Each structure stands twice: as structure tokens, then as C-alpha cells.
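The values are calculated or read from the model by the stated rules, or taken from the named source; none is laboratory data. None of these values were measured; they are calculated from a predicted model. Cβ: placed from backbone, ideal geometry, glycine included. Neighbour counts: every protein chain shown. Only protein heavy atoms, including side chains, enter the accessible area calculation; ligands, DNA and RNA are left aside. Shrake-Rupley method; radii C 1.70, N 1.55, O 1.52, S 1.80 Å.
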Amino acid sequence: METVECVVVGAGVVGLACARALALAGREVVLLEAALAIGTETSSRNSEVVHAGLYYPQASLKAQSCVSGRHRLYAYCEARGIAHRRCGKLVVACDEGEVARLDALYANGLANGVEGLDRLGAAAVAGLEPALRCRAALLSRETGIVDSHGYMLALRGDFEDAGGMIAFGTTVVGGEIGADGVMLRARDAGGGETRLLAETVVTSAGLHADRLLAGLDGFPAMHRPQLSYAKGSYFTYAGRSPFRHLVYPVPEAAGLGVHITIDLGGQLRFGPDVEWVDSPLDYAVDPARADGFYAAVRRYWPALPDGTIQPGYAGIRPKLGLRGEPARDFLIQGPETHGIAGLVNLLGIESPGLTASLDLADRVAACIAKD
């Protein structure tokens, strides 16, 4: 059995940020990743949006980490030359019933400390984006887009420069809580198995968090997460984008609604929708879902031409709780919760996890420092 000071499980954007923060603090860190590359699941199958912090309940971890993380993410990208753009976002209300919800969203954003918010009437919206049709909108000037892969590569570079090591193709298949630390059993791509005894373990396993903790002998069953999988499909647009801003509808129960985003190359895409699935790896995009996308987008862009969208890609969000329940907060589950020294679990990290990643990493590092 090999011993190591600290193991981080999962090389998505949050796992990379956590591993980086711990390595920069002088810890010996090994990062275990089941895939053969960084960020192959939720971290690379999203809208690549830098969120301002509008949507999340006041004083929630999502709200706090999003606002703080946004500032830090923009600064990090600027310092390292990572492609990004503060393009701004319009959240549009298409009928009178949605106007009240838009006003509540505006108030919530202000309470969360979000800067650069303006409430706009229909005429002002038309002046910014003539193709849009709505009753009112909320302009979020601090919302933007980022090259998520470039960002993750920079995190990896910082981590390795600080002495950290990544083991790709390495799946945690079980483990045990002991008096000397947490023992993990890890299987490599060839089927060989290694046992690692770590003083500190941070799990950032995303879609696989429930399976990982279920296989950890001695971990209290009452603290195992119950995950549901919300699949979101994206469709791409074949024509030239008429928009300069991102465009979102008023949010719905399980997500932010089918919205329009623009990538750094100017490509327009729509999504994600919400489809509850049983498998965390079901990434096929059903072309028949295009009908629902046309209907959703034409509520605010009525001139969207027929035959101009095609299947793009899909991502899956790890939702804490049962499918269809109200969205839950991010959960950083440390020793004060489950009673196991040296173990910190990140659970239910979906949107705005990309934006919040640097803030979440510092919270995890602080949690370990206090342990």
C-alpha cells in the first residue's frame, strides 16, 4: 500500500481547482481521474458561461461562490491570457406573468451583490437586440463566456508546476475509513489495482459521487448523496448570429430554460433543455427534440428560420435529491458533517460550478486547514 498526504478524486474543473489550491499550499497531492484527459464530463459539456450570480437564493453557497468566483475567474483569465469575453446577457420576459418573475430575479441579483444589472423595457431591448421580442428584460453586464478547456489546462499547469501529479485512467473502486486515514482502492486502465492511504481525501467525482461514497467502507450511509441526472441537449445554429448578447428566458424549475449562447468563435447554440435520465453517461442528442427547441426559442426570437438548427452535444448535471425537486445548494461535506477526519466531499456541483470553481477550491483548502 502506497501512502500520500492528499488525494483529490476527479479532474473536472472543480477537482483541478481544488488540487491546485492544495498543491500551492505546499501539500503533496495526487489527482486521480478515471478518464484519459481532464474535464471530459460536466466540465466540458456546458454553455461555457461565466455567471453573474442572479439566480441563487440569498446567502446560499451557490450565490456566494458564484459572485466571488466570477471576480476571481475573470482576473485569472486576464492574468494568463485565457480567452474570455464579458459579452453580457439579457434575461427576457415574454408575457406579463413573466414580468413579475423577472422583477423578483432583479431583486435577488441585487441582494446577492451582483453588479451591472439594468431593468429594461421592450423599446430598450429592441435597441440592443432588434431581433428579440419581449415585454421586458434584465441586462446583466458582468455575464460572459470563457474557454473552459483553456481554463482547465491553466489549472492543470499550475497544479503540476507546484509538484502535483495526475494519474489518468485510474478509477476509485472502493476504500475504507481507518484510524490512519482514508484508504482508496484504485484500478488502472489495464485492470491493475493499487491501494493508496491518504491523510486527506477530497472527492470531486461529480456524476459518480454517489457510487464512490457507497463503496467507501465506514462512510455513514446517512450522508451518502442521492443524485438525479438532468440531461441537457444543445443544438447549433447554421446561420450567422444576429445577437451580441447571450439571451435567456426567465428561469424554470429544473434549469435556466433553453437559452441562446455564443461561443468565442461566434457560433450560436441553443440549450440546454431538461431531460431526466437514468444513466450519467447518456450523451446522445435526439434530433426529434429540435421541435421543442424551435418552440422555446421562437417565444423571444420569432424569426428563427426553419431548418437552421441541428444536434450539437449534451451534458448531464448531477442534481442532489430526487428528479423534479427544487434545486438544492452546493454541498461541501467535511468532517464537521460526517465525522471523518481528513475527508471532504463536493456534492451536487452543477451550474454555476465553472464560475465558482476558484472560490470553492479555497473553501475546501480552508476546510482541510481547520481539520
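Key figures for this structure:
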item: Highest-fluctuation residue, R80, R299, R317 considered, GNM on the chain with Cα pairs under 10 Å; result: R80
item: Rg to Rh, two decimals, where region 225-306 supplies the alpha carbon set and Rh follows Kirkwood; result: 0.98
item: Percentage, to the nearest whole number, of Cα pairs in the chain over 40 Å apart; result: 15
item: Projected label distance in nm at C367 and A104, using a 7 Å step from Cα toward the beta-carbon; result: 3.0
item: Per residue solvent-accessible surface (Å²) - region 55-126, probe of 1.4 Å; result: 42
item: Mean ellipticity per residue at 222 nm, deg cm²/dmol - from DSSP H runs of n ≥ 4 across the chain, formula -39500 (n - 2.57); result: -9000 deg cm²/dmol
item: Degrees separating the helix 61-80 axis from the principal Cα axis of the chain, which is the longest one; result: 90
item: Order of exposure, largest accessible area first, which applies to E96, E129, E5 with probe 1.4 Å; result: E96, E5, E129
item: Principal axes of region 229-371: Cα extent on each, largest first, Å; result: 58, 32, 25
item: Theoretical FRET efficiency, 1/(1+(r/R0)^6), r = Cβ-Cβ of A303 and D180, R0 45 Å, to 0.05; result: 0.10
item: Volume of the Cα convex hull of region 138-202, divided per residue and given in Å³; result: 183
item: Region 133-275: relative contact order in percent, alpha carbon pairs under 8 Å with at least 6 residues between; result: 16
item: Potential lengthening between T236 and D278 on full extension [0.36 nm per residue; Cα-Cα distance subtracted]; result: 12.6 nm
item: Pair A167, R187: separation of 7 Å Cα→Cβ label points (nm); result: 1.5
item: Count of Lys pairs (Cα-Cα under 24 Å; at least 8 positions apart or interchain) in the chain; result: 6
item: Percent accessible area from carbon and sulfur atoms, the chain, protein chains only, probe 1.4 Å; result: 51
item: Angle in degrees between helix 96-111 and the longest Cα principal axis of the chain, rounded to the nearest 10; result: 50
item: Cα-based helix-to-principal-axis angle, 148-161 vs the chain, degrees rounded to 10; result: 30
item: Computed label-point distance, nm, for sites E336 and L36 using a 7 Å Cα→Cβ extension; result: 4.3
item: Selected from T337, T236, T170 as most flexible by GNM, with the chain as the system and alpha-carbon contacts under 10 Å; result: T337
item: Most mobile of G190, G169, G206 in a GNM of the chain (Cα contacts under 10 Å); result: G190
item: Cα centroid separation, region 149-186 to region 50-127 (Å); result: 33
item: ³J(HN,Hα), Karplus 6.51/-1.76/1.60, whole Hz, each residue of region 278-288, x for Gly, Pro; result: 8, 9, x, 10, 8, 9, 5, 9, 7, x, 5
item: Length-normalised contact order of the chain in % [C-alpha pairs under 8 Å, at least 6 apart]; result: 24
item: Cut-off 16 Å, label 7 Å out along Cα→Cβ of A123, residues of region 131-153 by amide N; result: 134-137
item: Region 1-143 - percent relative contact order, Cα under 8 Å, separation 6 or more; result: 22
item: Karplus-derived HN-Hα couplings along region 329-340 (A = 6.51, B = -1.76, C = 1.60, θ = phi - 60°), whole Hz, x at Gly and Pro; result: 6, 4, 10, 9, 9, x, x, 5, 9, 9, x, 9
item: Peptides ranked, highest mean first, by Cβ atoms within 10 Å: ranges 81-93, 338-350, 272-284; result: 338-350, 81-93, 272-284
item: Computed over region 67-213, Kirkwood Rh from alpha-carbon pairs, angstrom; result: 19.7
